[in-house]
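Shown next, in structure tokens, is the structure this report addresses.
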Amino acid sequence: MYMSRNFRLINEKLDPDSIVFLGDLFDGGREWATERARNLKTSQRQILINLAILDQAKKEGERIGSDGKTDLNVYKPGENGRWNKWKMRQWNSEYDRFSRIFYDKDQLYPHAERALFPVWDVPADPVSVENGAPNVTTQHYAVGGTKARTVKMNLPGNHDLGIGAKVQITVRDRFEGRFGETNSVYVIGNHTFVSLDTPSLAAYDEFVEGGSVTEERRQQYRDIWKPVDEFLDTLEVTGPKAVRNTLNQFYPGTYPSRGHYHTVHDPKDKVDDRPKEKVEKPRLPIILLSHIPFFRNPDVDCGKWRERGKAIPISAGYQYQNVLTPALSNMIAKKVSRIGDIEHIFSGDDHDYCDISHRFNVGRWSEDSQKESVVMRAVREITVKSFSWAMGVRKPGFLLLSLWNPVDERGKTIGTPLPTMKSQLCLLPDQLSIFINYARLLVLTIAVLFVRAVVIGLRNKPALEEDDTFEDVLSRRLSSSKYSSKKSQTNGHPSGYVSPIKGNGEAKGRHRASSTSTSTANTTDNHLSVQRSYNARTRSVSPAGPNTFTHANSYAMPNLQQEDNRPLIDKAGFYPQMKWQDPDESDEESHIGDYDSQGKGKRKPKSRARRALDEFLRSMLFVAIPSALWYGFLIKNG
């Protein structure tokens with residue numbers, strides 16, 4: 001998501017003409033096994049043998065190396081089979097992911113309405129029509145809506161192929177099948193780009209234990225490095241050809257294409273009857289691309305923009321090598337300089353930024369003397385930062401390169417020679433710092449909500465019990481001393497409340513009778529059990545005189561004939577809930593659920609800690625849900 005969003009913004013805001021990748025497209029492409037096609041049936045194989053397509057003596061699907069023994073199509077798992085479970089399906093999955101991030105239409109051309117439209121008509125060839133071909137006019141289409149970008153992603157890295165002797169041909173074939181040839185030469189902005197598969201070329205000369213690479217070892221792995229070496233040897237042909245094709249677009253007809261004469265020869269005779277004419281070799285400034293940086297002294301300062309240390313360390317290990325060897329670096333510089341002057345080198349692999357200058361003894365072609373002379377050439381190399389924040393750098397980045405080289409039909413710069421390129425390092429957001437700030441904000445938010453919950457839990461009063469009704473609350477309030485008459489007391493109890501006569505051996509706890517509407521007295525110990533209904537608040541009572549009880553089975557009620565300064569509700573036959581007011585006894589209500597055989601269990605009021613915890617959880621949900629929804633919206637539409 002980080003790379004996808006930044007790549008889309010780069011194309012939207014900076015609008016580059018070309019995009020070039022410097023390798024390591026996948027993280028573990030070298031470790032994911034390849035697959036082989038199913039073998040042909042016997043009948044199918046015999047048909048291809050009869051057509052001279054297959055050799056009968058050759059085993060199907062086999063490609064023998066230069067040593068005459070090794071089958072180059074066999075994949076050998078690395079690291080003692082540690083990655084055996086990662087096969088072709090994993091590679092295809094990573095390829096789809098890479099395509100969605102960097103090659104999707106909405107990523108390369110955000111907010112652009114690209115569409116196909118016909119450009120011109122191409123009539124049928126008259127000769128073909130005379131020979132019986134249908135007279136059909138074809139149309140050539142183009143894509144409109146915005147300019148087309150040139151995307152080059154065929155440069156491999158050591159994570160894509162491996163490095164040196166560890167490179168497997170079948171893995172390289174798979175890479176080339178999706179991304180193109182690993183060695184190429186092309187022109188962008190009137191500069192010749194030479195892209196080299198240096199991970200494979202490192203098999204020619206690499207850092208090995210015990211010193212330098214022997215010739216025997218070099219020949220053992222020639223199938224790995226030989227294609228790159230042949231590409232360098234043919235650069236004198238392919239390089240100028242790419243320049244001529246580009247100049248022909250600006251100055252049509254300047255370099256006409258060379259055709260073949262329509263003559264018949266015996267297929268066994270190798271005849272080249274093209275005219276032996278001198279071919280011009282126009283030159284443009286060269287930009288050399290290599291995934292592995294060129295050799296430098298280990299103490300060379302990489303500049304102020306490097307995050308880790310001051311220089312690239314010289315080291316090598318399993319499937320990695322920080323820099324090329326000195327001999328290989330000089331060999332590449334000499335062979336590439338045959339088609340022009342190397343103006344710049346761009347490399348990757350290190351994940352961090354490095355900007356240094358090299359000095360190479362290279363050949364330079366003189367137009368005046370028409371000879372090549374050996375000169376000391378200073379070449380600047382920039383190692384580009386990783387585009388991913390998960391590669392050990394806090395601030396990923398990319399390099400913005402501006403090219404300006406107006407030329408004539410011969411490839412020579414028009415006007416006063418000036419620097420033809422300028423580079424600018426562009427840094428991406430520090431994603432790790434963003435996550436750290438998120439964590440700090442989360443901790444601060446939790447702390448504030450916790451303090452708030454503790455304060456509320458300590459300050460607020462307990463909530464009402466769930467089975468309390470309004471009448472319960474009202475009765476408790478009416479039974480308080482606030483509503484009692486200080487003058488009217490019966491048996492020393494305020495508001496006329498009295499206690500039944502108790503025996504000397506009576507226990508403080510009271511048990512309810514099992515009947516529903518009557519009360520019985522035990523005449524032996526004069527114990528009085530009172531049955532009350534907590535659902536009915538209005539009772540039928542019989543008045544009793546002051547300080548007297550009429551019968552053991554009757555209720556003791558306040559005297560209605562006392563002074564009339566009590567609340568009027570006491571005279572209307574509605575009495576609050578009875579409460580035992582004796583100071584030597586505990587409240588009956590506190591024993592409900594503990595000593596009351598019929599009492600319904602009531603929940604105790606929540607403690608302060610529980611109220612604080614509930615408030616903390618509620619506030620967390622109140623903050624977390626909107627925050628998560630907003631963060632998800634930003635991720636999806638950011």
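Only the coordinates and a few stated rules stand behind these numbers; no lab work does. Note that the structure is a prediction, hence the values are computed from the model and not measured. Using ideal geometry, Cβ is built from the backbone for each residue, glycine included, and neighbour counts are taken over all protein chains shown.
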- [ ] Using packing as a proxy for protection, rank 111-120, 167-176 so that the peptide with the highest average count of other Cβ atoms within 10 Å comes first.
- [x] 167-176, 111-120
Open item on the list: Order these by the 10 Å Cβ neighbour count, fewest first: 264, 384, 455.
Closed with: 264, 455, 384
TODO: Compute the FRET efficiency between residue 637 and residue 89 as 1/(1 + (r/R0)^6), taking r as their Cβ-Cβ distance and R0 = 35 Å, and round to the nearest 0.05.
DONE: 0.65
Open item on the list: How much length would be gained if the chain were fully extended between residue 432 and residue 445, taking 0.36 nm per residue of separation minus their Cα-Cα distance, in nm to one decimal?
Closed with: 2.7 nm
- [ ] Determine ³J(HN,Hα), in whole Hz, for all residues of the stretch 329-340 in sequence, where each value follows from phi through the Karplus function 6.51 cos²θ - 1.76 cosθ + 1.60 and θ = phi - 60°; x replaces Gly and Pro.
- [x] 4, 5, 5, 5, 4, 5, 6, 6, 5, 5, 9, x
Task: Net length gained if the chain between residue 120 and residue 613 were fully extended (0.36 nm per residue, minus Cα distance) - done: 169.9 nm
- [ ] Counting only DSSP beta bridges with both residues in the stretch 1-155, tell me the antiparallel percent, nearest 5.
- [x] 75
- [ ] Using the structure shown, select from 85/385; 281/334; 152/395 the pairs with a Cα to Cα distance greater than 28 angstrom.
- [x] 85/385
Task: Linear extension gain, residue 376 paired with residue 54, 0.36 nm per residue minus alpha-carbon span - done: 110.7 nm
- [ ] Mind giving me the FRET efficiency for residue 150 and residue 263? R0 is 45 Å, r the Cβ-Cβ distance, nearest 0.05 is fine.
- [x] 0.70
Open item on the list: Please arrange 34, 246, 137 by how many other C-beta atoms lie within 10 Å of their C-beta, fewest to most.
Closed with: 137, 34, 246
Task: Cut-off 9 Å between beta-carbons: net charge of the residues surrounding residue 386, Lys and Arg +1, Asp and Glu -1 - done: -2
TODO: Report the FRET efficiency, 1/(1 + (r/R0)^6), for residue 250 and residue 421, where r is their Cβ-Cβ distance and R0 is 22 Å, rounded to 0.05.
DONE: 0.70
TODO: Rank the residues 230, 216 as a footprinting-exposure proxy: fewest other Cβ atoms within 10 Å of their Cβ go first.
DONE: 216, 230
